Amino acid sequence: MNGELLRIVDGIHREKGIDKEIIIEALESALLSSVRKYFGVGEESELSVKVDRTTGGISTNSGLTLEQLGRIAAQTFKQVMIQKFREVERNQVFGDYETKKGSVIVGSVQRFEGPHMIVNLNKVEAVVPRSEQVPGESYRVGDRIRALVAEVKKKGQKVRVVLSRANGDFVKKLFEAEVPEIQERLVEIRSIAREPGYRTKIAVASINDKVDAVGACVGVRGARIKNIVEELSGEKVDIIRFELDPASMIRNALKPAEVSGILVNKEEKRARIIVTKDQLSLAIGKQGQNVRLASKLTRWDLDVVSQEEEAQRVNSGGEAFPAKRRAGIPEDLGADVIGALVEAGYDTPESIADAGAEALSEIPGFDITKAEQVVTHVRQKLRDGMGQTLPPRPPVQHHGLDHNTVELLTAAGFDTLEKISEAGIDAIAAVPGIDRNRAEQILKLVADRLDADAASDPGTDEAAAEGEAAPPAEGEPVPEPPATTSAEGSASEGAPPA
């Protein structure tokens, strides 16, 4: 029996990959539970069970033998062992994937649960929430998928692994894998700004002066950046040369636009960018995308104006950096919190309430818990002030749908998020001026917003509170998917190394 016990332990060790000492400790715990049940005593008793690690012999201070324990005690032993093994396996899986957090992993799509994608990682099932999926990408069951391990935590009796393809760090990891100079610490990624599915700006710097950071990332004939863009399903990627001087960095970040002049306010990290009239639309970008990404990349508040507008301001004596508004934000949030919110562009209670916790959690000094508290508090203040629940808002105030789309939807009777969501893709695609692809984008954005509202309000379920459907930052227009792919670094920063 003794030798057989050790062989069983060895077999479990080989099959499950569980340390032998952990298995033996689980055996001792299960046997002790059986002995306690036999005598009808609790954990306060001085009973003990030991398994000899060399011979496999079992000893107990109760004087009982295994034969005396009987069938009921044996059943207790079995149940406890099953529970212990599950707990050990869960801890092992948690430990394995906790070490992989922040790295890219490969799995296969197993199934879909509503908008969420379930991915098989062999030892565990991972989830790609809708908020971590990239607009325009579609997968089928069995498809291979690469994604970033964004979150690992224990949830009940299971390990919850959250994957992301929308996170900016996913792009960062792709560059690290594709560019040897980054792995060798010759080139460093200093900053990254991304609007998933549309465009990414990434700032790189050379640690070794002999290495061209931008050229290394682009590769010979653009081979490296091409592989990354293919993995991102054609998302545009602009590679920017990092500069310590704020004005130079802002100038680089706004490329391909040509900047005529820059006024900077270093204390408030604000800049006024002056461009010629023909460069204004290029600097701002389609629906504000270029300047928005440049602002995220540099972590500066950027205001782009034409030379004519700047001349008019100077002639009229206007301030280059007027004081930021903070009207109506509850003072009980505290000066530091209010200052951080205003600095990030959330200068009214409505903009804070609309943004949601996920967007606010990106503010320096905020985590998701603090962001949820702020959003909940501000929304409650708005409700108290109005004496009733906030009414549904028109879609233009959610996700920055362009005014033309809003007018088309409103004219067709879809003037709230709820109406759009209930209509379905066929009804939205039937609206004159909106094709099926755009209808799909609109419905996804609206669904994200509704899920985010539910997640941020008090009394939501656990899944929502965990941020499975976090919204993108509010008040930022959503650009149309790009028709072409480009790597700005290859065109604007010189030819790649041979």
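Points worth noting:
- Residue 103 surrounded by 13 or more Cβ atoms within 10 Å (Cβ to Cβ) and either under 26 Å from residue 235 (Cβ atoms) or without any contact (Cβ under 8 Å) to a residue 24 or more places away in the chain (or both): yes
- Residue identified as touching a residue at least 60 places away in the same chain (Cβ under 8 Å), assigned to a strand (DSSP E or B) and within 16 Å of the chain's Cα centre (by Cα) among 152, 161: 161
- Evaluation of residue 109 against the conditions (1) of a type in the set (Val, Ile, Thr); (2) at pLDDT below 90; (3) assigned by TED's automatic domain parsing to the domain that holds residue 148 shows that the sole unmet condition is (2).
- Filter result for the condition that a residue is touching a helix residue (DSSP H, G or I) at 6+ places or on another chain (Cβ under 9 Å), of a type in the set (A, V, I, L, M) and surrounded by fewer than 17 Cβ atoms within 10 Å (Cβ to Cβ), over 273, 207, 202, 284: 207
- Candidate set: the stretch 230-253, residues that are out of contact with any helix residue (DSSP H, G or I) (no Cβ under 9 Å at 6 or more places or on another chain) and part of a helix (DSSP H, G or I); chosen: the one surrounded by the fewest Cβ atoms within 10 Å (Cβ to Cβ): 230
- All conditions but one from (1) loosely packed, with under 15 Cβ neighbours inside 10 Å; (2) within 18 Å of residue 364 (Cβ to Cβ) apply to residue 342; the one that does not is (1).
- All positions within the stretch 220-245 that are within 15 Å of residue 170 (Cβ to Cβ), in contact (Cβ under 8 Å) with a residue 60 or more places away in the chain and of a type in the set (D, E, K, R): 231, 235
- Filter result for the condition that a residue is at pLDDT below 80 and small (Gly, Ala, Ser), over 328, 365: 328
- Residue 313 touching a Pro at 6+ places or on another chain (Cβ under 9 Å) and modelled with pLDDT of 80 or more: no
- Contacts under 7 angstrom Cβ, first residue in the stretch 34-61 being part of a loop (DSSP other than H, G, I, E, B), partner among the small types (Gly, Ala, Ser) and modelled with pLDDT of 80 or more, 6 or more apart: 61/48
- When residues of the stretch 210-229 are limited to those that are crowded, with 17+ Cβ neighbours inside 10 Å and outside any helix (DSSP H, G or I), the one nearest to the chain's Cα centre (by Cα): 219
- Of the numbered criteria (1) at pLDDT below 50; (2) closer than 30 Å to residue 229 by Cα; (3) β-branched (Val, Ile, Thr); (4) out of contact with any Pro (no Cβ under 9 Å at 6 or more places or on another chain), the one residue 434 fails is (1).
The values are calculated or read from the model by the stated rules, or taken from the named source; none is laboratory data. It should be emphasised that the depicted structure is a prediction, and the values quoted were computed from it without experimental measurement. Positions of Cβ are backbone-derived with ideal geometry, glycine not excepted, and every protein chain shown enters the neighbour counts.
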